[in-house]
Every structure is written in structure tokens, then in C-alpha cells.
Amino acid sequence: MGQRHSIACALVAPLVVLAGCMETGPLRHDQSLVESSRQLAAAHDPRLRPFIEALYRDGEWNAVLNFQQLALAAMEIGELKIAADSLDSAITRVEAIYADDENARKARSAFNQEAVKDFKGEPYERAMLYYYRGLLYAHEGDFQNARAAFLAADRHDTLSSAEDREFAGDFGMMKYLAGWASYCDGDETRGGQLVNEAKASDDLVRRLPDRPPKRLLLVDAGGAPEKYREGQFGERLKFRASALADDDVRVHPSESGPPNPLPLVAIGDVAYQARTRGGREVDAILAGKAQFKETAATVAAIGTQTGALMSIAGAQSGQRDVMNAGFASMLASVIASAISDATAPQADVRAWRSLPSRVLMADLTNVPSSALRLTGASGARPLTLHPESRHACSIAYGRTTSPLMTADGGVVTTESVRPQENGREQRNAAFRDELTTRFAPGALATR
């Protein structure tokens, strides 16, 4: 009896420990954080306040995502210094984990094991982060940094946090734009090389001109890829296309000009990048590992099989100890499996909601961007970036959906109710001090 009791205790003990370690539920934000966030945001455009409040409130846990969404909102209303500063802040945090060196690889490995981790995004989200930074550099006429940003976007498309290896990039738009920036910077050789590499990796880019037009229009069309959970415990991260349409986008040369729209061609498919890794279709991302559709997972229940064989052998030979040991092995295997399943972390479905589904391009040669009229499924939209007339090369940029909050006609919400500290108290305190200085009235004007 005593021996059986000891075995039972040994088997049940992990469940007791597990129950003691489980969180009892999400905690809402401390009211003082909410008030401080509102005070910080009060000096800024009302359309940006919810983004700044979320940034302060969530701390480092959600900093990259909040900086990304703030950046696109700031671009929308012409606050380009806030946009650039926010993108740079997000990039700094991403590079700390995804820099291409040995220390960063070790950090990525540890990072992927955290049940609650700071947001760094999926590969397509990180690639788009650098894409927008490249647009702002190009807008300033800084073509060398624009090229570096577009190449970083291409690199991050190859660095998958869901995989143990690196895939060849197939987001050819990024290298094509890097080639465009090289041509604009006077580097013909590098420009041609990058364009050729882009065409070799992506069918969408293959049909584009070998030499990109000097003056481009880029349009973000449709809504961001959606992340959702699947599986018994919500442990599988999956992707689906947005319901926001992106197939009825038109750009007219002027309000009163010819009715025929400019030819638009898709050069980047963000939704495709979300659901693939290096061109391979992803069924789900499970516990930090991409599950590919062409790979059939097999699970060998070694403990259960071994226990069953021991039980049968013990029964046939009359050796009760062997039979009992077999039963114990089977039971332990079942319990261990149950504990493993029960403690599988829920998939992280935080997502950059203001991303597009696709990126479209038009040639603006001999077309004044100031007169362009962009229309999509949601109606007429103003361009976000107009080319600077002092530069021979330029990128005009617009989008079919607003990156503002839903209350302001956009697609973003920033609700968050989970505890944000989780051992980050010191980091968050320093981060909030930094934000207080950064978003003080007039501070960004001097940066």
C-alpha cells in the first residue's frame, strides 16, 4: 500500500506543481499607468493619442508593435519625424534579437522558449518594418540608407523565428526597390545586380522593367493578414487573408483629367509572405516550429509502447513487479503527455493590423503626383507621401485603408488587458522615462 501510495504521489506531483504555477487570469492595467499615458499623449494630435497611450501603457512587451502602428498613423497625417523615430525605435529592438550574428542566434533560441515574450513579429512583419523606413529615407532623398533599409527588409524575410534554419528570400519587391535606390544613387552596377537577383527570386517582380522608373508610385492595398489560433489549446498559429478588398484599386492622373487610370501592377504579396516560409506553404506554426503542408508529423509514443510491452511480458511470465512497472510506465507517459498538452503556450496572435495585403506599383514618369487621385474599395484616399521635387528619383506612396484607429476611420485597435510587467518592471520604468522625454512637447522637432 505504501509503495503504491508513493508511486501515485510521484505521478500526481507534477499536476500539483503545474496547478500552482498556472496564472489565474489576465490582469488589467494599473489605473496610474492609464492616467500617465493620457497625460503624455495629450500634447499630440488627437489621432495619435491612442497609439502613444498604448505605447506607454504596454511597455516593452508590446513596444515594437505599438511603434510600428504609431509610425504608419503618423505617416498618414504627415508627422514624418514621429514616423521615422518610431520606426527606428522598433528596428533597434528587432535588431537586438534578429541581428545576423552568433549572439543574436543564441538570443533567438532563448527568446522562442518564452511563454510570454516581447513582440518582434513574424518575418513578413519585420520585413515591412524596414520597407516603410526605406520609403521615408527615399522621401528625404537619402538613397544609400533607403537601399540599406530595403536590403534589411529582404534579409528579415529570410530570418524566420519559427525555424531553426534560414530560407532564401522570395520577397523580391525589397531587392527590386534596393536596386532602384542604387540606380538613384548613381551605382549602375549594383542597381542592375539587385534587380536581377530580385527577378530571380519572385515571379511578381520578374515582369517589372529591368531598369526601374525613376519616379514610382507605391500603393498599399487591402488589409493585413490575420493571425488566429487553432488546436485543442490554441497552440497553433495560423494565417488567413484579410476580408478587406484589394482588387479594385485605381489611380487617376488628376481630379479632372482623363478617366483612364494609371496601370498598376502588384510587386509584393504580403499575405503570401505571411503564410509561407521561403516559398513553402505553412500549415501552422506550433511551439516555435513551422509545420509545412508537405511534411507529415509522426509522434512515437515510446513510453506508452514500452509500458504496454512490459505489462504483457510480466503477465505472461507471472512477474507481477514487471507487469506493475509496465502499468506505471504507461500511466506516467499518459500524465506527462497531458501535462505537456495542457502547458502548451497559446499562439501569440498579436499582429500589425495596419499592414496591407499587397503592394502595387505604377510608373509616374511625366505624371505630376500632386494631382493623383487614389480610389479603392473604401472610396477616395489622399496620398501619404508626395515626391520631393528637388530629387531626380522619388516615390509617391498611398494606401487604400487608413492606419488610424477604428474610431477615426482606420483599421487599428489597441486594446490590451494582459499583465505587462512580468519581471520587466525595471525595463519598463526606464522605457516610460524615455517616452516621457521623447514625446514631451516639441521634443521630436529637435531630434
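Below, the figures for the structure above:
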read-out: FRET efficiency, T437 to R229 (Cβ-Cβ, R0 35 Å, nearest 0.05); value: 0.40
read-out: Of the GluC sites (Glu not before Pro) in the range 366-447, those whose Cβ has at most 14 other Cβ within 10 Å and which sit in DSSP loop; value: E388, E415
read-out: Theoretical FRET efficiency, 1/(1+(r/R0)^6), r = Cβ-Cβ of R320 and R280, R0 51 Å, to 0.05; value: 0.45
read-out: Unsatisfied cross-links (Cα-Cα over 23 Å) in the set K175/K214; K81/K199; K120/K214; value: K81/K199; K120/K214
read-out: Peptide ranges 362-370, 179-187 listed from the most packed, as the mean C-beta count within 10 angstrom indicates; value: 179-187, 362-370
read-out: Peptides 371-382, 262-273 ordered by average Cβ neighbours within 10 Å, highest first; value: 262-273, 371-382
read-out: Backbone N under 14 Å from the T365 label point (7 Å along Cα→Cβ), restricted to the range 371-415; value: 393-394
read-out: Q319 long-range amide H proximity, modeled H, under 5 Å; value: none
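A short reminder: the numbers here are calculations on the coordinates, not readings from a lab. Owing to the predicted nature of the structure, the values given are computational and were not obtained by experimental measurement. For neighbour counting, all protein chains shown are included, and Cβ atoms are generated from backbone atoms with ideal geometry for every residue, glycine included.
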